[in-house]
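Novice: Can you keep this structure in mind? I'll have questions shortly.
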Amino acid sequence: MTFQTIIVEIEEGIATITLNRPEVLNALNDQVFKELGEAAAALSADNSVRAVIITGGNKVFAAGADISQMASSTAVDVATGDNASYRAFQILETMPKPVIAAIAGYALGGGCELTLVADVRIAADNAQFGLPEIKLGILPGAGGTQRLPRLIGAGKAKELIFSGDFIKADEALSVGLVNKVVPAEELFAEARMMAKRFASRGAIALQLAKSAVNEGLRMDLEAGLQYEHKCFSLLFATEDQKEGMRAFLEKRPAKFQGK
Ligand code: CAA
């Protein structure tokens, strides 16, 4: 897969998507959103890919949507445009496999919002997070006002959205914005280790577990519990369920085939 603004590499069933606009701190323009959507769709369809890491490399994750592209937009442009970030983030968020964001340096605005569509966020100890859109006279428009409160609660999300202030990795960990903070030099090894751990589990069970959590968050509790039960029941039709339980009873590691 060849792109202009991102790099996609696949190694041992783990795909890594790297944002690649270092001259503007990986600012996200429409081309990046388009390519992220295309890459996510292709990786979703590739059964050899078991987990995905998304990163900006070891200096910066992304400093937000590309301000130079937005500066001269009118309300009509924005309202009638193709909402590239929304479409790309929908595809990324619903990928049927685990997505891990590996974050070094700034994850701001649309960059922070991109981390929120991942299933798990691992931060380097030099990472900084923020939604500075308010300082530009706008608000977070790529899911920040919706996904962030769902992840960390409305109070802390509003503080970040209203102030535009940045928080460091340790505070991001303490408010639940990231799952883990590691020394910067260990970021990619840690992300790969987690991706491999996920990839060793049954692929269909992973897919349905992700769907149960994500879809459940959109439903009331009763509907979510019923949806969970449907996903749970469906797994009893898989060979992985037979293998997983047989392996437990035979006291050996399970060998999942994703079937
Ligand atoms: N868009 C376009 N270009 C950007 C950019 C962005 N979001 N962020 C950085 N750049 C560019 C800078 O203009 C600069 O380019 P030049 O070398 O041509 O001048 C280059 O990247 C390096 O940036 P700085 O010189 O500013 O680097 P710094 O280390 O001094 O500061 C920073 C780093 C604090 C991240 C600063 O660049 C900054 O504040 N960036 C903007 C952050 C921001 O406001 N993000 C929100 C964007 S709006 C959004 O995301 C909307 C949404 O919800 C979808």
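Novice: May I ask you to say which residue of 107, 102 is modelled with pLDDT of 95 or more, crowded, with 24+ Cβ neighbours inside 10 Å, assigned by TED's automatic domain parsing to the domain that holds residue 30 and within 16 Å of the ligand (Cβ to nearest atom)? If you could, list the steps in order and put the result at the bottom.
Specialist: Values: 102 fails: within 16 Å of the ligand (Cβ to nearest atom).
Only one candidate qualifies: 107.
Novice: Looking only at segment 82-97, decide whether some residue is more than 15 Å from the chain's Cα centre (by Cα), crowded, with 18+ Cβ neighbours inside 10 Å and polar (S, T, N, Q).
Specialist: No: zero hits.
Novice: Do any helices (runs of 4 or more DSSP H) lying entirely in segment 149-233 carry at least 1 residues that are within 16 Å of the ligand (Cβ to nearest atom), and which ones are they? Write out each step before concluding.
Specialist: Details: elements: 154-163, 169-174, 187-199, 203-216.
Counting at least 1 such residues, we get 154-163, 169-174.
Novice: For segment 125-135, indicate whether the set of residues that are modelled with pLDDT of 95 or more, acidic (Asp, Glu), within 16 Å of the ligand (Cβ to nearest atom) and not in a helix (DSSP H, G or I) is non-empty. Step through it out loud before you land on a result.
Specialist: Going residue by residue through segment 125-135, those that are modelled with pLDDT of 95 or more are 125-135.
Applying the additional criterion that residues be acidic (Asp, Glu) yields 125, 133.
Now narrow it down to the ones that are within 16 Å of the ligand (Cβ to nearest atom): 133.
Then drop every residue that is not not in a helix (DSSP H, G or I), which leaves none.
Checked against the condition, which is being modelled with pLDDT of 95 or more, acidic (Asp, Glu), within 16 Å of the ligand (Cβ to nearest atom) and not in a helix (DSSP H, G or I), segment 125-135 yields no hits at all.
Novice: When residues of segment 28-53 are filtered for being within 16 Å of the ligand (Cβ to nearest atom) and in contact with a helix residue (DSSP H, G or I) (Cβ under 7 Å, 6 or more places away or on another chain), how many remain?
Specialist: Qualifying residue count for the region: 7.
Novice: Being within 12 Å of the ligand (Cβ to nearest atom), in a loop (DSSP other than H, G, I, E, B) and modelled with pLDDT of 95 or more narrows it down to one of 96, 140, so name that one.
Specialist: Numbers: 96 fails: within 12 Å of the ligand (Cβ to nearest atom).
None of the other options fit; the residue is 140.
Novice: Since residue 69 meets every condition but one in (1) away from the ligand (no atom under 16 Å from the Cβ); (2) surrounded by fewer than 17 Cβ atoms within 10 Å (Cβ to Cβ); (3) farther than 29 Å from residue 208 by Cα, which condition does it not meet?
Specialist: It is condition (1) that residue 69 fails.
Novice: A follow-up question, please. Among the numbered conditions (1) among the acidic types (Asp, Glu); (2) free of Cβ contacts under 8 Å to residues at least 12 places away in the same chain; (3) exposed (fewer than 14 other Cβ atoms within 10 Å of the Cβ), tell me where residue 170 comes up short.
Specialist: (2)
Novice: Among all residue pairs at least 6 apart or on different chains, which show Cβ distances below 6 Å where the first residue, located in segment 138-164, is closer than 11 Å to residue 175 by Cα and small (Gly, Ala, Ser) and the second is modelled with pLDDT of 95 or more and not in a loop (DSSP other than H, G, I, E, B)?
Specialist: Partner pairs satisfying both residue conditions: 157/148; 157/149.
The values are calculated or read from the model by the stated rules, or taken from the named source; none is laboratory data. For clarity, every value in this text was computed on a predicted model and none was experimentally measured. For neighbour counting, all protein chains shown are included, and Cβ atoms are generated from backbone atoms with ideal geometry for every residue, glycine included.
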